[in-house]
Structure formats: C-alpha cells, structure tokens
Amino acid sequence: MKRQTLKTLLTGSALLLCALCVFFTGCGNIVAETTEEKAETSSHSDEDKLTIGLSQVGSESDWRMASTDSVKAAFSSAEGYNLIFDDAQQKQENQLKAIREFIDQGVDYIILDPIVETGWDSVLTEAREAGIPVIVYDRGIEVDDEDLYVCWIGSDFKLEGERACVWLEEFLASRGVNRNINIADLQGTLGASAQIGRSAALEEAVTLNKNWRIIARDSGDFTTAKGKEVMTEMLNKHGRDINVIYAENDNMAYGAIEALEKKGYTAGMDIENGEILVISFDATHNGLELTLDGKIAANTECNPLYGPRLTEIIDTLEKGGSVEKVTYIDEEQFSGISYIGTIQVRNRPYTVTYLTEDLINDRQY
Ligand code: GYE
C-alpha cells in the first residue's frame, strides 16, 4: 500500500512534472513565439524601410557638415529610411571599401558623393552586378559607361568659378584698377570636380584678362588648417605681391585670412593700397559673415542641402518613374558691396545679392 502510494505519488509527480514541463515548454514556446512575432513585426516595419548606403566625402568643411546634416535629416528612420552613413575622411579608398560593404549588406540604393572624379568603374560595376542602383550627388564622376549610375545631381562648379571671375572683372573695372593682378589660387582637393571646375574657370579668366596672372597655386584640401598652412607658405614666398586670393571654398578662405592677418596684411578690397582681396565659394554662414565684413569680397554659393533632393529622386524611382540623368542646381552669389547687382556670364544675367545680417540669419545653413 505504502509502495503503491509511493508509486502513485511518483507517478503523480512524474505526471505533474511532465505537465509542468509541457506547460513551461509551452510557455517557453509562447515566450519564444512572442519574441519571434515581435522580431517579425519590427523586422517587417524595418523591411518596409528602404536601406540606403550613403558614402560621404568627409567632414572637412562647414559646407560638408551642412550637407551631412541635410542628408541625415532627410533619410531619418522617422522618414522611413534605414540610413547606413559612412564618412570616408577624404580618402577614396575608404569610399571604395564602404561601397563594397553596402553591396555585401544588400542595400536598396547606394548614394555617393565622390571625393575625386576618377577610379569608380570597377566598384560601380560590382554594384550593378548586385543590382543596386547608384545615385551620385554633389561632386561628379568620370566613368567609361554612364549606365553605371542612375543619375547625378550637383553644382556647375565651372559656372561658379566663372561667376566669381566675372565679378572680379566687374569689380576691378568699377574701381578703375588697371594694374597687373597677381592671384594666389588656393585649390580644393585635387581631382575633385569642385576643384576642377573652379580652377578651370580661373585659368580661362586669366587667359581672357591679359593683366591677370596666377603666381601661386597649391591645394589646401578644402580645410581651414591646410588653407592656412598653404597660404602662409605663399605669403612667405610672394608677400605683398599677391593681390587676390582665389580660395576654392570658405574654409580655406578662413585659413588664408588668418594667415595673412597673422603676418600683418589686411584682407579687403582696397588692392591699390595693399589690401589682399579674397574670393570664396560655398556661402556658408561664417563665409557670409566675413563677406558682410568685406574680408571676403565676393562669395559664390554652393548649395549643400541635398537631403530633400535625394529623397525626391528615390521616391520617383520607387514609384517606377524616371529621373533626369544630369541635374544642375541653382545657386546664388553674394557680396558686401551694393553697386554690382548683376553680372553677365555665358550670355545671361546673374544676380549678385547685396548682403545684410538679416539675409544671413534667414538662411538654412
Ligand atoms: O565647396 C567644399 C567641400 O564638394 C562642393 O567640398 C563640395 C565642396 C565644397 O569641402 O567646402
């Protein structure tokens, strides 16, 4: 009886144990299911999101930071994107690596702001083989097969340079300056389309204006620090012989101004009295403040707000629409002087906006 009871008890316990096991396993299953379900739900909503691999040049300038802020805001998770952002620190090899990683990750789109124009054929062929569309923006690329990318949207950098040079011609004419003009060209990253276009426009202008000469030319890599360093070397060599600094972006202009002020020179428009006239590009907030002060004579805008333009392209593609292969964006030009209101470039008028503090504060970057 006792044995029987024990047996019954044991059997009962075993049954209870089994029941508990079943229950807990069940529970386990329920827990697992719930987690799985959850994972599925969130991966579902993640799946709804487009995954974008974006290869950014670096963080070398104010312009670049504004551009990064713009794309990050536009491709936010709240807007329905899963953005994989890579900062290449101004090295093309880092961009090539990032693009290959995007391909491995199977992103939906690759967006590229290329540091330099050449060297993209192989990696873009790999992207095409993986069936991933590539959108290029800001700086451009040179590839054998234009079908390697869907489209490019960016600035006409040569036109920016032409506008800057025509402004200088008009300014010198308005002041009756007839002397030889010695120019120091502070170039951007060599091989970048922003550098190629802006430098080419200056070369052309020097050919057209017989009394203009480029007496110094070197790359400041679009940064303040390098701009200052290169300008210091140029001033050591040429000193007051330099009349005009053609800085191919605002950050190099800041560096150049710091360098010349350190040596006791003045950045300004009175060339006849030894001031050094600075021309710049980008029209960022600080660049425009210096333009309002007259330390930068004219500042030709390069608009960095690419986020909304890129999401619009992707929206169109997602809806099965087609996009323009090449799109140039409209840009402005600013100066702290009021009397050059319009210039003629490529046979059409371009406005030069007379700056005010309010205008600077109303801008988005
Ligand atoms: O002018 C400069 C930046 O690619 C247009 O790159 C851009 C240039 C811009 O570093 O500030």
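Were the residues from ASP358 through ASP87 laid out at 0.36 nm apart, the gain over their Cα-Cα distance would be 94.2 nm. In loop segments of the range 240-345 as defined by DSSP, the chymotrypsin sites (Phe, Trp or Tyr not before Pro) with at most 16 further C-beta atoms inside 10 Å of their C-beta are TYR339. Legend: calculated FRET efficiency, LYS325 to GLN105, from the Cβ-Cβ distance at R0 = 45 Å, rounded to 0.05, equals 0.95.
For the range 198-303, with all protein chains present and a 1.4 Å probe, just round the carbon and sulfur fraction of the accessible area to a whole percent. Whole-percent figure for carbon plus sulfur exposure: 44. Taking the 1.4 Å solvent-accessible surface of the range 47-146 as the whole, the part contributed by carbon and sulfur is 41%. Counting other Cβ atoms within 10 Å, keep those with at most 16, restrict to DSSP loop, and tell me which trypsin sites (Lys or Arg not before Pro) in the range 235-295 are left. Counting only loop positions with at most 16 other Cβ atoms within 10 Å, the trypsin sites (Lys or Arg not before Pro) in the range 235-295 are LYS263. Taking each of LYS210/LYS262; LYS210/LYS263; LYS91/LYS237; LYS91/LYS226; LYS226/LYS263 in turn, the alpha-carbon distance tops 24 angstrom for LYS210/LYS262; LYS210/LYS263; LYS91/LYS237. Given R₀ = 30 Å, what would the calculated FRET efficiency be for THR207 paired with GLU289, taking r from the Cβ atoms and rounding to 0.05? With a Förster radius of 30 Å, E is 0.35. Where does helix 307-318 land angle-wise versus the long Cα axis of the chain, in degrees 0 to 90, nearest 10? So the inclination is approximately 50 degrees. Net length available on complete extension from GLU79 to ASP145 is 20.5 nm, with 0.36 nm assigned per residue and the Cα-Cα distance removed.
Over all other residues within a Cβ to Cβ distance under 13 Å of MET231, the charged ones net out to -2, with Lys and Arg as +1 and Asp and Glu as -1. Annotation: lysines with alpha-carbon distance below 20 angstrom to LYS49 (same-chain offsets under eight excluded): LYS38, LYS72, LYS319. Over the chain, the Kirkwood radius and the radius of gyration, each from Cα atoms, give a ratio Rg/Rh of 1.26. Using the Cβ-Cβ distance between SER338 and LYS72 with R0 set to 30 Å, the FRET efficiency from 1/(1 + (r/R0)^6) comes to roughly 0.20.
The values are calculated or read from the model by the stated rules, or taken from the named source; none is laboratory data. Nothing here was measured: the structure is a model prediction, and the numbers come from that model. Positions of Cβ are backbone-derived with ideal geometry, glycine not excepted, and every protein chain shown enters the neighbour counts. Ligands, DNA and RNA are excluded from the accessible area calculation, which covers all protein heavy atoms including side chains. Shrake-Rupley method; radii C 1.70, N 1.55, O 1.52, S 1.80 Å.
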